[in-house]
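Here is the structure we will look at, set down as structure tokens.
The values are calculated or read from the model by the stated rules, or taken from the named source; none is laboratory data. Keep in mind that this is a model prediction, so the values were computed, not measured. Heads up, the Cβs are rebuilt from the backbone with ideal geometry, glycines too, and the neighbour counts pull from every protein chain shown. Heads up: the accessible areas ignore ligands, DNA and RNA and are worked out on the full protein's heavy atoms, side chains in. Shrake-Rupley method; radii C 1.70, N 1.55, O 1.52, S 1.80 Å.
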Amino acid sequence: MLLQRKPAKIPSLSDIINVSSGALTPSINKASSLFNTGDKTIPPPELGNSLDDATYTKLILSSTQSGCSAHGKLVQSHMVKTGFNPTLFLHNTLLNMYFKCNESDLALQLFDEMPERNVVSWNSLISGYTQLGQYIFAKEAFIKARTTDVNLSKHTLASLLSICAQTGDLELGKVIHSLIIVTGVGIDAFLTNPLIAMYSKCGRIDQARITFNKCNQLDDVSWNSMISGYAKSNLHNEMLQILVKMHQCEVRFSSYVLGSVLKACCSNFNHSLIWGKLLHSCSIKLGWDLDVVVGTALLDMYSKIGELNDAISIFNLLPNKNVVMCNAMISGMLKFGNKSLNLFLEMQRNGFRPSEFTFSTMIKACIISEDFEFGKQIHALICKNNFEKDKYIGSVLVEFYSKWSSMEDALLCFKSTNKQDIVTWTSMIVGHAQNGEFEKSLILFCKLLSFGLKPDEYTISNVLSCCGNLGSVRCGEGIQCYLVKGGIGDSGVVLNALIHMYGESGDIESANRVFEVADKCDVVAWSSMICSSAHHGSAKETLRVFEMMIESGIVPNDVAFLGVLTACSHGGLVEEGLRYYETMKGEYGISPTEKHCACMVDLLGRAGRLSEAKTFIMNSNFKNTPVMWRALLSSCRIHKNTEVGKQVAETLIELEPESSSSYVLLYNIYTDAGMESAAIKIRDLMSTRRIKKEPGLSWIEVGNRVSSFLVGDKSHPQSESIYVKLNDVFEKIKKVGYRNEKKGNGFMVNPHSEKLAVCFGLISLGRGAPLRVMKNLRVCEDCHVVMKLISKVEKREIVLRDPIRFHRFRDGICSCGDYW
């Protein structure tokens, strides 16, 4: 046996011979109508007498042409029954028939039983596997052929080079290249073209160019292959040099080469629009401008570069529009969502049948235009056209439903996809993350790995972001170990995600280590490090890193300035913050976003400059943005300014009537000021409007589990031990000056969730281990005091993250310096 594999239910020759006539009746009836060789109709063979070699050959060829192996099998069984001894030529013809009819198992069985084989037999075997996409078997057949000293033809070698290009098998490709040279087959254009394609697709464009230069019999396909290779490798200058050389050698441009270069011009490289217009002029001169391939490439180029009017003009000029042209136009209008939707409707009216690409593009247009209802209608059309199992459509549908927080529908689309590749899995992981379901994202990631799929950089960065949001350092470390083991941890995208993950998880030291060992840090890495330092309250360190970034020649982006402004706000560096804000606008030309402006309001408000902060809001472009007024309202509470606080809260409630945070902040302002009646009115207003306060939730990672706590929570399995530790801790901190109120039952008035999480960490983690607690709401003043004292009496470092910043408590001191 040549290839060791077990075929499924393959009949032997004796089975075919001895089968009952009734079992093959349908096949015989179908086959009888196929015995027409073109010259004359040949009657089906009768059992008893053998036919001659030529007749058998014609019968097998007729089966090959029809693509039906039924009567080809009957012919073979007739030869065996009558004792006919086929020639080698007839065996090869029969072998070719089985491959053409997609019967590779029977072809292999026949090949193994052939008494003799020649180069045609081996060529048919290898070419047959190649045509059916069974590349592994084709490679095995090639290796076996070499052990029998068969000299394969140039056609077979070309097929093998095509396999190497498809599978990225550079080593085998080099072996075949060497074989071509050693055997003296000669490297003409017929073999040069697949060699160029193989080296290009395997990432060795330099070897492709050497092969191209050494060939003396180049044809237009050789030039096109070289240009296509450079285009796919994003080597645009080299591609244009070949194009110019092609013109100098008076080789006529084809529609394929023009299409390849125009596609490369979509990449927006230096002077890409100029080259695109030059090629447009050239295509008009050569009469290719109305060609389907060139016309579509021109549409695609102009629309992706942003010259939409030119794209529309070309679309209107093109005769005999087809679905490919419409797809290119819809894709070009994607950022103008409504225009894409209108073009799709026109396409439907003109009777064009949408393709898979059309539907995936339309779903993207619905996402951009935020048209949920139209998107559901497109989904109905997808089901009507039986495209719901397509992996690309499935992926974009998952993204679509995730956008509207409809994760159940997203999961149904995910499960209905025929082939769930890494893109589909990533869409599902990102969808859960976007909706705050970080645990589900991590569970899906584990399932992805268990199925043997290899995540890409985009998947890894999203999963690490989930770890950061959860504050799960242990999980993030596990993923980093997986990256190192797999040799994919050096990517810039992954390193940036690691910095962000460690920073968000409260482990700023590990974030620094990742940043320092990176070979080359881009603006994203610098920005991640600046923002991490800012959120940890290290204002001076943040400004130091920012200045280092400038000295390194990296131009800061809006994220880097956001980190700097945040650091100035948390550190009370008002004048520095104002200076950096003006530098961002004037020196770097970056337009402030609402986040930048909210930082400035917070900067001024924390410093007690409430009137300046209010004026800043009124003069900005974001005076109707709730986050601006919320920042000012928080400052009003810090400085106990009830008058301004009431005005700001009224504005904020008008902008966000259903948001509980505005009511709660105003309630706390009144309570702190002793205005009980006003506070009760706010509470009653919340009750009337059915506004519920978001419950405080804190969580801590211990081992490989994350435990979460609500206020006064007693649902934890170790709840009794936690409360015993809580009382014990309060007895200790009372001795160092803490004062608290108690109810008659002896429990603390406010056993807030972060206190419970810290006590659980104290009884679960070894001495010396830092306690990292995450909270969904801002830490209250009492808890802030308690955390400082616990860090002192227990001699533990406590890292507490709330939505605003990190608080790092050591020896009774907080990193915020009580400026928060």
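Order the peptides 589-595, 431-437 from the highest to the lowest mean number of other Cβ atoms within 10 Å of their residues.
Ranked by mean Cβ neighbours within 10 Å, highest first: 431-437, 589-595.
From the mean inverse distance of alpha carbon pairs (Kirkwood) and the Cα radius of gyration, derive Rg over Rh for the chain.
1.08
Label points 7 Å out from Cα along the Cβ direction at GLU373 and MET675: separation in nm?
4.4 nm
What do you reckon, how do THR361, THR642 stack up by accessible area (1.4 Å probe), largest on top?
Values: THR361 10, THR642 40 Å².
Listed by decreasing accessible area, they come as THR642, THR361.
Mind ranking 508-514, 714-720 by how tightly packed they are, going by the mean number of other C-beta atoms within 10 angstrom, highest first?
Taking the mean over residues of other Cβ atoms within 10 Å, the ranking is 508-514, 714-720.
Quick check: residue separation of SER355 and ILE210 times 0.36 nm, minus the Cα distance between them. What number comes out in nm?
48.2 nm
What part of the accessible area of the chain, given as a whole %, is carbon or sulfur when the probe is 1.4 angstrom?
Result for the chain: 52 percent of the exposed heavy-atom area is carbon or sulfur.
For the range 327-482, what does the alpha-carbon gyration tensor say about shape, rounded, prolate or oblate, given a ≥ b ≥ c as the root eigenvalues, a/c under 1.5 as rounded, and a/b over b/c as prolate?
It comes out prolate by the Cα gyration axes.
So the label point goes 7 Å from the Cα of ILE813 along Cα→C-beta, right? Which residues of the range 526-542 then have their backbone N under 11 Å from it?
none
For the range 203-280, run through the trypsin sites (Lys or Arg not before Pro) and keep only the ones in DSSP coil with at most 10 other Cβ atoms within 10 Å of their Cβ.
Of the trypsin sites (Lys or Arg not before Pro), the ones in loops of the range 203-280 whose Cβ has at most 10 other Cβ atoms within 10 Å are ARG252.
Just subtract the alpha-carbon distance of GLN217 and ASN727 from 0.36 nm times their residue separation and send over the number in nm, one decimal.
174.6 nm
Relative to the longest principal axis of the C-alpha atoms of the chain, give the angle of the C-alpha long axis of helix 422-434, reported between 0 and 90° and rounded to the nearest 10°.
On a 0 to 90 degree scale, this one is about 20.
Mind running the shape call on the range 291-351? Use the C-alpha gyration tensor, a ≥ b ≥ c as the square roots of the eigenvalues: rounded below 1.5 for a/c, prolate if a/b tops b/c, oblate otherwise.
Verdict is oblate for the range 291-351.
Could you give the accessible area per residue of the chain, probe 1.4 Å, as a whole number in Å²? Walk me through the numbers before you get to the answer.
Values: 39950 Å² over 820 residues.
Per-residue value: 49 Å².
Relative contact order for the range 70-163: what percent, with Cα pairs under 8 Å and sequence separation of 6 or more?
Working: 69 pairs, mean separation 22.1, N = 94.
The value is 24 percent.
Between helix 170-182 and the chain, what is the angle of the helix's C-alpha long axis to the longest principal axis, kept within 0 to 90° and rounded to the nearest 10?
The angle comes out near 30 degrees.
According to the Cα gyration tensor, what semi-axes, each the square root of 5 times an eigenvalue, does the equivalent ellipsoid of the range 128-170 have, listed from largest to smallest in whole Å?
Numbers: eigenvalues 54, 24, 20 Å².
Values for the range 128-170, descending: 16, 11, 10 Å.
What FRET efficiency, computed as 1/(1 + (r/R0)^6) with R0 = 30 Å and r the Cβ-Cβ distance, is obtained for ARG778 and TYR458, rounded to the nearest 0.05?
Given R0 = 30 Å and the Cβ-Cβ separation, E is 0.40.
For the range 660-743, compute the number of Lys pairs whose alpha carbons are separated by less than 16 Å, excluding pairs fewer than 8 positions apart on the same chain.
For the range 660-743, the number of qualifying lysine pairs is 7.
Between 0 and 90 degrees, rounded to the nearest ten: what's the tilt of helix 255-265 against the longest Cα principal axis of the chain?
Compared with the principal axis, the helix lies near 10 degrees.
Relative contact order for the chain using alpha-carbon pairs under 8 Å, separation at least 6, rounded to a whole percent?
RCO, the chain: 4 percent.
If each DSSP helix of 4+ residues adds -39,500 (n - 2.57) and the sum is divided by the residues in the chain, what number results at 222 nm, nearest 500 deg cm²/dmol?
-20500 deg cm²/dmol
Checking the a/c ratio against 1.5 first, then a/b against b/c, what shape does the Cα gyration tensor give for the range 755-800?
Oblate.
Rank by packing, highest mean first: peptides 293-304, 482-493, with packing defined as the count of other Cβ atoms within 10 Å averaged across residues.
The peptides rank, most packed first, as 293-304, 482-493.
Could you check the spin-label model distance between ARG705 and LEU412? Points 7 Å from the Cα along Cα→Cβ, value in nm.
3.6 nm
For an R0 of 35 angstrom, estimate the FRET efficiency from the Cβ-Cβ distance between ILE143 and ASP490 and round to the nearest 0.05.
0.50
Rg and Dmax of the range 138-276 over Cα atoms: what are they, in angstrom?
Gyration radius and largest Cα-Cα distance of the range 138-276: 16.2, 56 Å.
Note down the magnitude of the dipole of the range 337-397 about its Cα centre, charges +1 on Lys and Arg C-beta and -1 on Asp and Glu C-beta and zero elsewhere, to the nearest 20 debye.
160 debye
Percent relative contact order of the range 225-341, based on C-alpha pairs within less than 8 angstrom and at least six residues apart?
Value for the range 225-341: 20 percent.
Give me the orientation-averaged projected area of the Cα convex hull of the range 230-318, in nm², one decimal.
Reported value for the Cα convex hull: 5.1 nm².
I need the calculated FRET efficiency for the pair TYR482 and LYS447, taking r as the beta carbon distance and R₀ as 22 Å, to the nearest 0.05.
0.90
Under a plain spin-label model, where a point goes 7 Å from the Cα along Cα-to-Cβ, how far apart in nm are LYS285 and ASN102?
For the pair LYS285/ASN102, the computed spacing is 4.8 nm.
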